[in-house]
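Remarks on the structure that follows.
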């Protein structure tokens, strides 16, 4: 079972016609995926995804009226049952009758259409940034990629040495290395700092034992 998709729920078709249009398949219930735009221009993309997120209306013959899934814990687009936790980062805002304007509805969005809604919000911010002559990409935080060191370590700075000594490691120069007085002084001072860090970790443990007695 794909997470966020349960074909047994009401309003959630178990078998989606693979030959259905892009709009119909996008409005149908399904797994959480990104929406693929057919338009190239940002403003047309906004109209495109907005049509996908419009609440499903009731239909009698050729007349459309009211809203088909305007019920609590039901997706207003596909009708899937969905109860959101307050702390869920994917939890969407209260749906509106015209997606980004209109009167509030009683329903919600399923995980798939909630993802579409957040994608639409990002597109709106991109259009707004372009209108003011700003570059939208500059506002997107870049993930920090840790530097991976390959191969054996040959050099350690003072911070690395103090951290290793504080964890209980013994850091000594290679055998046969001749240290200058300054290098020896630096090594001893770093060793002292590391030993002091060990002492600071032990003191709370000793005080805890005394309080326990």
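It is to be established whether one or more residues within the range 82-99 are in contact with a helix residue (DSSP H, G or I) (Cβ under 6 Å, 6 or more places away or on another chain), under 12 Å from residue 113 (Cβ atoms) and modelled with pLDDT of 90 or more.
So the first thing to find is which residues in the range 82-99 are in contact with a helix residue (DSSP H, G or I) (Cβ under 6 Å, 6 or more places away or on another chain), and the list is 90, 92, 99.
Adding the requirement that they be under 12 Å from residue 113 (Cβ atoms) leaves 90, 92, 99.
Restricting the remaining residues to those that are modelled with pLDDT of 90 or more gives 92, 99.
Looking for residues that are in contact with a helix residue (DSSP H, G or I) (Cβ under 6 Å, 6 or more places away or on another chain), under 12 Å from residue 113 (Cβ atoms) and modelled with pLDDT of 90 or more, one finds at least one in the range 82-99, hence yes.
When you scan the range 36-65, how many residues do you find that are free of Cβ contacts under 8 Å to residues at least 40 places away in the same chain and either surrounded by 12 or more Cβ atoms within 10 Å (Cβ to Cβ) or under 22 Å from residue 26 (Cβ atoms) (or both)?
Initial filter on the range 36-65 (free of Cβ contacts under 8 Å to residues at least 40 places away in the same chain): 36-41, 44, 47-48, 51, 56-65.
Next, from what is left, pick out any that are either surrounded by 12 or more Cβ atoms within 10 Å (Cβ to Cβ) or under 22 Å from residue 26 (Cβ atoms) (or both): 36-41, 44, 47-48, 51, 56-59, 64.
Here the count works out to 15.
With the structure loaded, tell me whether residue 150 is in a loop (DSSP other than H, G, I, E, B) and modelled with pLDDT under 75 or whether it fails that test.
Criteria met by residue 150.
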For this session: May I ask you to say which residue of 106, 172, 198, 184 is in contact with a helix residue (DSSP H, G or I) (Cβ under 9 Å, 6 or more places away or on another chain) and either surrounded by 13 or more Cβ atoms within 10 Å (Cβ to Cβ) or at pLDDT 75 or above (or both)?
Result: 198
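Kindly establish whether residue 55 is under 24 Å from the mean Cα position of the chain (by Cα), modelled with pLDDT of 90 or more and assigned to a loop (DSSP other than H, G, I, E, B). Reasoning before the result, please.
On the way: under 24 Å from the mean Cα position of the chain (by Cα): no; modelled with pLDDT of 90 or more: yes; assigned to a loop (DSSP other than H, G, I, E, B): yes.
For residue 55, the condition - under 24 Å from the mean Cα position of the chain (by Cα), modelled with pLDDT of 90 or more and assigned to a loop (DSSP other than H, G, I, E, B) - is not met.
The values are calculated or read from the model by the stated rules, or taken from the named source; none is laboratory data. The structure presented is a predicted model; accordingly, all values stated were derived computationally and were not measured. All Cβ positions, glycine included, derive from the backbone under ideal geometry; neighbour counts span all protein chains shown.
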